[in-house]
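Beneath this line is the structure, given in structure tokens, with notes to follow.
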Amino acid sequence: MDDSRTSSATSPDEVPVATQQHCTIEHLAAVFAGCQEEIITEWRLHANELLRELELDKPTITDHLPDLISEITRDLSLSATGVLSAEHIAGSPPVHGVQRFHDGLDAGEVVAEYNLLRIAFFTVAERHDLFVVGEAARIINHRIDEAVRLAVTAFSAQQALIRKEQEDEHLAFIAHDLRTPLNAVSLLTDELTEELGDARSGATDEIFDALRRNLRRVEELIQNVLKAKAIPTGAGSSFQPEQRVFELRPLVQRLVLDLKAVATKQDIKVVNEIPPRLTVFADAGLISQVFQNLLSNAFKYAARGRIVISAHEEADTVRCVVQDNGAGVPPELLSSVFHKLATDPEKEGSGLGLTIVKQIVDAHGGTVNAESVHGSGATFSFTLPQGAGEKSG
């Protein structure tokens with residue numbers, strides 16, 4: 001009997017020991033070609049452990065593997081590292097890298113996934129009593145290293161692209177939100193000019209003219225930013241709230257006073273009905289932006305009307321409401337009012353105001369809602385965390 005095999009005469013206490021065999025690279029390639037599913041199963045066993053906490057879609061996580069395994073077995077059969085196919089360079093590893101970025105992995109975890117494939121090859125070989133050493137190991141490692149390089153490069157490129165899109169989007173949001181206070185300053189300038197009346201001198205007229213010119217210049221700069229940067233992206237919100245507990249009514253009242261010139265110009269009465277001492281746990285600056293944008297939106301539809309701002313406790317949140325009695329939102333636009341660049345063709349606007357509202361509220365863990373009956377006004381509401389009790393940011 002061959003001494004390399006365990007004899008049938010061994011005692012029950014003896015453990016059979018399989019002997020791993022040296023073989024040609026071609027034979028190893030043939031073995032791997034015939035057990036591709038076994039390699040994938042071995043990889044999946046360990047990858048699922050790695051990805052379990054991320055709750056990724058398990059049936060699709062191996063979609064990129066068959067081509068890669070086939071190219072490795074091809075390289076082994078040729079006893080060469082092989083030239084990366086065009087399909088492979090533009091295919092599974094780069095696509096996989098981008099997918100994993102959107103799945104929420106970091107670059108190190110992407111590398112770990114491919115290293116698990118490396119381990120799977122060696123484990124399956126051992127299961128078939130084969131060694132993977134020397135040139136065979138070098139060929140396998142080379143191909144997987146190339147896959148890692150392509151995947152991580154694509155991952156990093158996607159990461160940089162999203163970061164750039166978020167920066168551009170945030171700049172567009174800032175530019176958009178400058179328009180409302182800028183309009184208020186412009187209207188206050190006109191009011192001040194009229195208030196001075198005959199008391200104006202040539203010097204003061206020159207000052208007001210210069211002020212108006214600069215206001216127009218700022219408006220042009222804002223328009224240029226919006227044209228260049230206000231583009232849809234797949235990025236998440238760029239808002240990162242710095243939350244604290246504060247009273248809501250004074251914040252809203254200050255905003256109402258700041259926008260009084262805008263409301264007066266359009267003969268709109270703005271009423272603050274938020275109860276005193278009602279507190280929220282939020283970023284005061286960002287919530288001011290939310291109310292500013294909701295008021296700006298209401299100004300478009302409520303000329304010579306009334307806007308009421310209110311808030312009340314609801315479960316563990318505070319629901320804030322901005323309601324107007326204007327023309328209302330057209331029914332065909334209501335379902336998409338919070339979508340980026342969604343605009344009413346009959347009204348001026350960039351389509352960013354309500355998008356900013358939603359992203360800020362989302363960043364606070366709240367929800368937004370819009371209701372309207374065309375011709376009978378609109379109601380926009382959003383929720384924020386309550387400010388009662390001890391909170392930490």
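Identify all residues within region 235-256 that are in a loop (DSSP other than H, G, I, E, B), surrounded by 15 or more Cβ atoms within 10 Å (Cβ to Cβ) and at pLDDT 85 or above; write none if there are none.
Within region 235-256, Pro241, Gln243 qualify.
State whether one or more residues within region 275-290 are modelled with pLDDT under 75 and either within 15 Å of Asn183 (Cα to Cα) or outside any loop (DSSP other than H, G, I, E, B) (or both). Full working, then the answer.
Filtering region 275-290 down to residues modelled with pLDDT under 75 leaves none.
Within region 275-290 (the criterion being modelled with pLDDT under 75 and either within 15 Å of Asn183 (Cα to Cα) or outside any loop (DSSP other than H, G, I, E, B) (or both)), the answer is no, since none of the residues qualifies.
When region 106-129 is examined, which residues are found to be among the β-branched types (Val, Ile, Thr), under 26 Å from the mean Cα position of the chain (by Cα) and crowded, with 20+ Cβ neighbours inside 10 Å?
Step one: of region 106-129, the residues among the β-branched types (Val, Ile, Thr) are 110-111, 119, 123-124.
Remaining after also requiring under 26 Å from the mean Cα position of the chain (by Cα): 110-111.
The one that is among the β-branched types (Val, Ile, Thr), under 26 Å from the mean Cα position of the chain (by Cα) and crowded, with 20+ Cβ neighbours inside 10 Å: Val110.
From the residues in region 36-87 that are among the polar types (S, T, N, Q) and closer than 13 Å to Phe121 by Cα, which one is modelled with the lowest pLDDT?
First pass over region 36-87, keeping only residues among the polar types (S, T, N, Q): 36, 41, 48, 60, 62, 70, 73, 77, 79, 81, 85.
Filter once more, so that each one left must be closer than 13 Å to Phe121 by Cα: 36, 41, 70, 73.
Working: Gln36: 83, Thr41: 84, Ser70: 79, Thr73: 82.
Top of the filtered list is Ser70.
Do you know which residues across region 294-328 are at pLDDT below 85 and either surrounded by fewer than 22 Cβ atoms within 10 Å (Cβ to Cβ) or in a helix (DSSP H, G or I) (or both)?
If we filter region 294-328 for residues that are at pLDDT below 85, which is where we start, we get 300-304, 327-328.
Lys300, Tyr301, Ala303, Arg304, Ala327, Gly328 - these are the residues of region 294-328 that are at pLDDT below 85 and either surrounded by fewer than 22 Cβ atoms within 10 Å (Cβ to Cβ) or in a helix (DSSP H, G or I) (or both).
Which members of region 112-160 meet the condition of being outside any helix (DSSP H, G or I) and aromatic (Phe, Trp, Tyr)?
Filtering region 112-160 for residues outside any helix (DSSP H, G or I) gives 128-133.
Correct list: Phe131 only.
Criterion first (surrounded by 18 or more Cβ atoms within 10 Å (Cβ to Cβ), within 36 Å of the chain's Cα centre (by Cα) and of a type in the set (Gly, Ala, Ser)) does Ala151 satisfy it?
On the way: surrounded by 18 or more Cβ atoms within 10 Å (Cβ to Cβ): yes; within 36 Å of the chain's Cα centre (by Cα): yes; of a type in the set (Gly, Ala, Ser): yes.
Judged against the criteria, Ala151 is a match.
Does region 98-111 hold any residues that are aliphatic (A, V, I, L, M) and not in a helix (DSSP H, G or I), and which are they?
Pass one, region 98-111, residues aliphatic (A, V, I, L, M): 98, 105, 107, 110-111.
Hit for region 98-111 is Leu105, nothing else.
The values are calculated or read from the model by the stated rules, or taken from the named source; none is laboratory data. Predicted, not measured: the structure shown is a model, and the values here were computed from it. Quick reminder, even Gly has a Cβ in these numbers, built from the backbone with ideal geometry, and neighbours come from all protein chains shown.
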